[in-house]
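Novice: The structure is given below, and queries will be raised subsequently.
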């Protein structure tokens, strides 16, 4: 099966291409680096020729509100139109758990716009909403750095390993379209500050982590329901302890 991975040179994309290739599929990474630009439409028709599936794990280079919205609207619109013309029969997109519950976060609003375009397209689809990645916990901690302290929210958090996301996406790509949305998350749920503290301790960072219920997440307040799945979700097998042992 020929599967195009949009954003195929990034963290998730490169792992997904490798996984699908190991399974015997013709997995083709597509990104500006390979001459495929979904925002401008450059190279899409050629890349999608003969493909049965397109998996979109691309990411905006800017999180500025107008820029991130423009990125996802343009890239998704161009991609879906090219898929329709090429006869692609399954569009898989990686999104974020809680996109529709945190309208104050510009990136989440942009992902909602992306999902809306996918749902209104004629291309059968599967939207996979994942929680935050273990791989980004250190970077998230830095957003709360105040002197020698890290101040972060206390809201419940349920991050997931990138490899587990890839495993789910690989299965979704070769499966039947859901024409719906599925949430995926890590196996453990705990306060945000506990995950951050464990990550920093494991990396030898001695700064103290302070849990503050009023602390914001990317400029917006969050609660226990903002970043965790609502209802049934697929849970990845890798917990933070296991991931830290390999990091």
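Novice: Spot the failing condition for residue 32; the list is (1) surrounded by fewer than 16 Cβ atoms within 10 Å (Cβ to Cβ); (2) free of Cβ contacts under 8 Å to residues at least 12 places away in the same chain, and only one is missed.
Specialist: Residue 32 satisfies all of (1) surrounded by fewer than 16 Cβ atoms within 10 Å (Cβ to Cβ); (2) free of Cβ contacts under 8 Å to residues at least 12 places away in the same chain except (1).
Novice: Somewhere in segment 178-193, is a residue closer than 21 Å to residue 95 by Cα, free of Cβ contacts under 8 Å to residues at least 40 places away in the same chain and either touching a strand residue (DSSP E or B) at 6+ places or on another chain (Cβ under 7 Å) or surrounded by 19 or more Cβ atoms within 10 Å (Cβ to Cβ) (or both)?
Specialist: Taking every residue of segment 178-193 in turn, at least one turns out to be closer than 21 Å to residue 95 by Cα, free of Cβ contacts under 8 Å to residues at least 40 places away in the same chain and either touching a strand residue (DSSP E or B) at 6+ places or on another chain (Cβ under 7 Å) or surrounded by 19 or more Cβ atoms within 10 Å (Cβ to Cβ) (or both).
Novice: So which of 140, 165 is over 14 Å from the mean Cα position of the chain (by Cα), under 23 Å from residue 192 (Cα atoms), part of a helix (DSSP H, G or I) and modelled with pLDDT of 95 or more?
Specialist: Selected residue: 140, the only one of 140, 165 that is over 14 Å from the mean Cα position of the chain (by Cα), under 23 Å from residue 192 (Cα atoms), part of a helix (DSSP H, G or I) and modelled with pLDDT of 95 or more.
Novice: Does segment 220-237 contain any residue that is in a helix (DSSP H, G or I) and either touching a helix residue (DSSP H, G or I) at 6+ places or on another chain (Cβ under 9 Å) or modelled with pLDDT of 95 or more (or both)?
Specialist: No, segment 220-237 has no match at all.
Novice: Name the single residue that is farthest from residue 54 (Cα to Cα) among those in segment 116-137 being in a helix (DSSP H, G or I) and touching a residue at least 60 places away in the same chain (Cβ under 8 Å).
Specialist: Applying the filter and picking the extreme gives 137.
Novice: Out of (1) without any contact (Cβ under 8 Å) to a residue 60 or more places away in the chain; (2) assigned to a helix (DSSP H, G or I); (3) buried (at least 21 other Cβ atoms within 10 Å of the Cβ), the odd one out for residue 100 is which?
Specialist: So the condition that residue 100 fails would be (3).
Novice: Further question: Suppose the filter is in contact (Cβ under 8 Å) with a residue 60 or more places away in the chain and surrounded by 21 or more Cβ atoms within 10 Å (Cβ to Cβ); does residue 55 pass it?
Specialist: yes
Novice: Loosely packed, with under 15 Cβ neighbours inside 10 Å and in contact (Cβ under 8 Å) with a residue 60 or more places away in the chain, is that true of residue 213?
Specialist: Yes.
Novice: All but one of (1) under 16 Å from residue 170 (Cβ atoms); (2) touching a helix residue (DSSP H, G or I) at 6+ places or on another chain (Cβ under 8 Å); (3) modelled with pLDDT under 95 hold for residue 10, so report the exception by its number.
Specialist: (2) is the only condition that residue 10 fails.
Novice: Still on this structure: Please go through segment 143-162 and give me each residue that is outside any loop (DSSP other than H, G, I, E, B) and under 19 Å from the mean Cα position of the chain (by Cα), ordered by number.
Specialist: Passing the criteria: 156, 157, 160, 162.
Novice: Okay, next question. Consider residue 113 carefully, then state whether it is out of contact with any strand residue (DSSP E or B) (no Cβ under 7 Å at 6 or more places or on another chain) and in a helix (DSSP H, G or I).
Specialist: Yes, satisfied.
Novice: Something else now. Counting only residues that are at pLDDT below 95 and in a strand (DSSP E or B), how many does segment 169-218 have?
Specialist: 1
Novice: May I pose another question? Would you mind stating whether residue 85 is surrounded by fewer than 16 Cβ atoms within 10 Å (Cβ to Cβ), modelled with pLDDT of 95 or more and in a helix (DSSP H, G or I)?
Specialist: yes
Novice: If I go through segment 226-247 residue by residue, how many of them are under 20 Å from residue 108 (Cβ atoms) and surrounded by 14 or more Cβ atoms within 10 Å (Cβ to Cβ)?
Specialist: Summing the residues that are under 20 Å from residue 108 (Cβ atoms) and surrounded by 14 or more Cβ atoms within 10 Å (Cβ to Cβ) in segment 226-247 gives 5.
The values are calculated or read from the model by the stated rules, or taken from the named source; none is laboratory data. Nothing here was measured: the structure is a model prediction, and the numbers come from that model. Here the Cβ is made from the backbone with ideal geometry for all residues, glycine too, and neighbour counts use every protein chain on show.
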